[in-house]
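Shown next, in structure tokens, is the structure this report addresses.
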2 protein chains.
Amino acid sequence: MTSPPQTASRTDGAEARQKILLCALKLFAEKGYAKTSVRQIAQAAQVNVSAISYYFTDKAGLYRTVFSWPSLVARPCEYGFTAPELPLEAALQQFYMEFFQPLKMGEAVQDVMKLRYREMLEPTGIWEEEIENEIKPHHAAMTELICRHLDAREADDAIQSLVLACIGMAVHLFMGQNIIRTMTPQLLKDHAALDRMAARYGRYASAMVLDEKIRRTGIQETSA
Amino acid sequence: MTSPPQTASRTDGAEARQKILLCALKLFAEKGYAKTSVRQIAQAAQVNVSAISYYFTDKAGLYRTVFSWPSLVARPCEYGFTAPELPLEAALQQFYMEFFQPLKMGEAVQDVMKLRYREMLEPTGIWEEEIENEIKPHHAAMTELICRHLDAREADDAIQSLVLACIGMAVHLFMGQNIIRTMTPQLLKDHAALDRMAARYGRYASAMVLDEKIRRTGIQETSA
DNA sequence: TTATTGATCAAACGTTTGTTTGATGTATGA
DNA sequence: TCATACATCAAACAAACGTTTGATCAATAA
């Protein structure tokens, strides 16, 4: 009879597991998967090395668990920027606000995002099955928004470039945090600074879309 | 068996060195420093493992050599986009043309760029001493260009955000090659597609700067 | 010729890697 | 009380790592 007993009163186990997860996240995000050894993680978490295999089977299992940490990855009310009643600039500003949200939250959330973006450069394993379900929706949502405001029923190359540019600005800011904080730290200083950043990027993106719109109507008029 | 030339049975030595460099570059760019073993490199280059220590002292030495491969890194006529006589949009388009140039060239050049951008995420060692001398000039050149066209003598936060956005679009396209080629392959298909991309990004960036200019003159008038 | 030099090799080096083992301590349930 | 389940530990494991060794082969210079 080895039915799972209730060990709720026992705090030791879950506590160690949590510590391992937290330290692993930090180290993985900081130095990458390969450069982080299980012994380093164990030492940082102040647990025995074998605790990692004990709780997560192996290093890869620990990474997978960290990578899709539910409480950190789950972002409840996202894609609010696609709301149809929003004017273009407001929608884009909200997009960047949502995108920069993790930067405002704790280190852990940022580290998870860092992990995910790191997978872009080193597409091995989880990338295809996980990011595919995160990047593509993001991309599709932005495409839909821009198509709607350009009165285009399909996304041609120009629109897809536009989508890429809008998203690229955000991704770059996220991935280049370290550099930006070195060169122009005041831009990411605090929540207010990030909000200003989102507002500016929203304006810029809006200007890009409007430029494309003018170009399109112009072409339509001359070709008609 | 064909009759062997004078130096056929005995290879030059420089040849092996070159092969190691080429394969190391490819593997480092593909999988990162830590995940690439010297044995893999040796096998790919079809040389003995010890040849790496023989020619480059150690793995780190090989990496350093690859990282600053003179013939690949040297980019002769750069920063041409800052030429004062260029109008804004043309200047920005030239910026993106220059930025995307490596994408047109051989795989080796792209891999070197990939290596350099990878150092952004994993700032260990060479980063500080090398990238500092590459990113900052790029950034400064773009800042100067935008300041000039905005009639601003100093770069305030808004201008620096603008600079960041313009550069970010380009960096994102470079780093996200794999994803972009998966989702919208036609945007990076060939040289002509890349040129169209640079032209579009130039227009978009120009629209952003002009938007900021309008905003500025508007504020100046109301505040004056 | 012989001596020397540089390139190449298989083999082994000592470490570090991720993982497993078996023992020990400890709280819980009967 | 005893017995079971669980958490933790030091130690050991095989495999892979970067690196070194010493021999071998080919070419050059004396």
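List of remarks:
- Counting Cβ atoms of other protein chains within 10 Å of each residue's Cβ and taking the mean over peptide B:153-161 gives 3.
- Packing order of peptides A:202-208, B:133-139, A:39-45, highest average first: A:202-208, A:39-45, B:133-139 (average count of other Cβ atoms within 10 Å over each peptide's residues).
- When A:Arg215 is represented by a point 7 angstrom out along its Cα-to-C-beta vector, the spacings to that point in the other copies are 2.1 nm, nearest first.
- Test item: B:27-38 mean partner chain Cβ contacts at 10 Å: 3
- Order by protection proxy (mean Cβ within 10 Å, highest first), peptides A:61-68, A:188-195, B:54-61: A:61-68, B:54-61, A:188-195
- The spacing between the stretch A:57-73 and the stretch B:140-214, judged by their C-alpha centroids, is 36 Å.
- Annotation for B:Gly13, label-to-label distances across the other copies: 6.5 nm (shortest first, one decimal, point 7 Å from Cα along Cα→Cβ).
- Relative protection proxy for B:165-173, A:89-97, from highest mean packing down: B:165-173, A:89-97 (other beta-carbon atoms within 10 angstrom).
- When A:Glu144 is represented by a point 7 angstrom out along its Cα-to-C-beta vector, the spacings to that point in the other copies are 4.6 nm, nearest first.
A short reminder: the numbers here are calculations on the coordinates, not readings from a lab. Keep in mind it's a predicted model, so treat the numbers as computed, not measured. As a convention, Cβ positions derive from the backbone with ideal geometry for all residues, glycine included, and neighbour counts pool all protein chains shown.
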